[in-house]
1. Taking segment 154-181 as the region of interest, how many residues are out of contact with any helix residue (DSSP H, G or I) (no Cβ under 8 Å at 6 or more places or on another chain) and modelled with pLDDT of 95 or more?
2. Taking the criterion of being of a type outside the set (S, T, N, Q) and under 18 Å from the mean Cα position of the chain (by Cα), would at least one residue in segment 262-274 satisfy it?
3. Which members of segment 162-176 meet the condition of being without any contact (Cβ under 8 Å) to a residue 40 or more places away in the chain, β-branched (Val, Ile, Thr) and under 23 Å from Asn58 (Cα atoms)?
4. Being out of contact with any Phe, Trp or Tyr (no Cβ under 8 Å at 6 or more places or on another chain), over 21 Å from Leu246 (Cβ atoms), modelled with pLDDT of 95 or more and among the aliphatic types (A, V, I, L, M) narrows it down to one of Ala99, Ala110, Ala75, so name that one.
5. Condition first: β-branched (Val, Ile, Thr) and open to solvent by 20 Å² or more (accessible area, probe 1.4 Å). Now tell me which residues in segment 88-106 satisfy that.
6. So which pairs qualify, if the first residue must be in segment 1-16 and within 25 Å of Gln284 (Cβ to Cβ), the second must be polar (S, T, N, Q), the Cβ gap must be under 6 Å, and the two must be at least 6 apart or on different chains?
7. Between residues in segment 279-307 that are under 23 Å from Ala181 (Cβ atoms) and residues that are open to solvent by 40 Å² or more (accessible area, probe 1.4 Å) and assigned to a loop (DSSP other than H, G, I, E, B), which pairs lie under 8 Å by C-beta distance while being six or more apart or on different chains?
8. Would segment 30-47 turn up any residue that is touching a residue at least 12 places away in the same chain (Cβ under 8 Å), buried (at least 19 other Cβ atoms within 10 Å of the Cβ) and more than 22 Å from Asp114 (Cβ to Cβ)?
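The values are calculated or read from the model by the stated rules, or taken from the named source; none is laboratory data. In this text, all values refer to a predicted model and were calculated from it rather than measured experimentally. Cβ placement follows ideal geometry from the backbone for every residue including glycine, while neighbour counts extend to all protein chains displayed. Calculation scope for accessible area: heavy atoms of the full protein, side chains included, ligands and nucleic acids excluded. Shrake-Rupley method; radii C 1.70, N 1.55, O 1.52, S 1.80 Å.
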Amino acid sequence: MDRYDIAIIGGGGAGLTAAVYAGRAMRSTVVFEGNVTGGQIATTDVVENFPGFPEGINGFDLAQNMLRQAEKFGATVEYSRVERLDRAGDGTFAVATEAAVYRARAVIVAAGADYNKLGVPGEDEFIGRGVSYCATCDAAFFTGQDVVVVGGGDAAVEEALFTTRYAKTVTIVHRRDTLRASGILQERARANEKIRFAWDTVVERIEGADAVERAVLRNLKTGTVSVMPVSAVFVFIGQVPNSHLLKGLADLDAGGHAIVDLQMATTVPGLFVAGDVRTKAARQLISAAGDGATAAISAEHYLASLG
Ligand code: NAP
């Protein structure tokens, strides 16, 4: 069985930053990543709000830089999904993937969050055929076409702006009449002639033959149902934390986020949580990275206290 001082579950901004710190503390470190390293930023076209890149940086490139930095300081990356996390009687942790069980003296869970779904008819059926949760990945497929973006937060507005590079029109469908997105993004969206808004409106159904052909919309104030011919529905309505490994181990809030203290510590000795999976995170790359640093420093203090 492979043994490490620190096991980090999740190779996004929080996990990779934790790996840099853990590696530099000369602790044997493994990062488990079941998907692509970088997490959400790996599919972000331009990251404009990470300090040090005044012109912005491509998210995938930034993630690759973080990965190289973590590996430079000795972290190992295992490209496997962690299926179980258990604490043994001796206080160490068993981290089980499909293929193997690893032993770690401290664990940092930085598993991030997954996209929320609308839960309407047609959504699952048309995933990959017009329904998408990643404009950066899929917007180019809809060049010259009309598309819908659902949501009113930073993600929805940012991705709507990105989609205007390709689409003929982008209609932001939002359930209220006020955006949650930051002022600068709102300003850019309002100034973009390709962007329209459907306020107080939800998507009721997504329809088509082989691919998305229309969205059926309902105005929540008037009750009016309308059919909008579109080729794509991009959904950005928040996220659910990937905290299932922590169930029964750490305390979770009502939304499933792990409750931690200022040191990113759970109530379980040696178990730390960083990034979008924890409660009250700002859910920014920079704050996820900050959490990762704090969690790794705390894990190091914990290991040092064991002697
Ligand atoms: P968010 O801020 O939670 O916004 C989710 C949006 O979806 C809200 O407008 C919400 O409406 C709407 N919504 C939620 N459930 C819905 C449903 N069932 N049907 C229709 N609409 C629904 O999520 P996010 O935009 O994914 O952002 C998550 C975090 O990442 C935020 O902290 C954000 O600031 C950050 N982020 C930052 C950047 C950046 O700074 N560049 C980019 C992306 C994300 P209500 O407003 O009515 O609740």
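1. 10
2. Scanning segment 262-274, I find at least one residue that is of a type outside the set (S, T, N, Q) and under 18 Å from the mean Cα position of the chain (by Cα), so the answer is yes.
3. Residues satisfying the conditions are Thr164, Val170.
4. That would be Ala75, the only listed residue that is out of contact with any Phe, Trp or Tyr (no Cβ under 8 Å at 6 or more places or on another chain), over 21 Å from Leu246 (Cβ atoms), modelled with pLDDT of 95 or more and among the aliphatic types (A, V, I, L, M).
5. Selection gives Thr92, Val101.
6. So the pair list comes out as Ile6/Thr29; Gly11/Thr37.
7. Every condition considered, the pairs that remain are Thr279/Asp253; Thr279/Gly255; Thr279/Ile259; Gln284/Asn49; Leu285/Asn49; Ile286/Asn49; Ile286/Pro51.
8. There is at least one residue in segment 30-47 that is touching a residue at least 12 places away in the same chain (Cβ under 8 Å), buried (at least 19 other Cβ atoms within 10 Å of the Cβ) and more than 22 Å from Asp114 (Cβ to Cβ).
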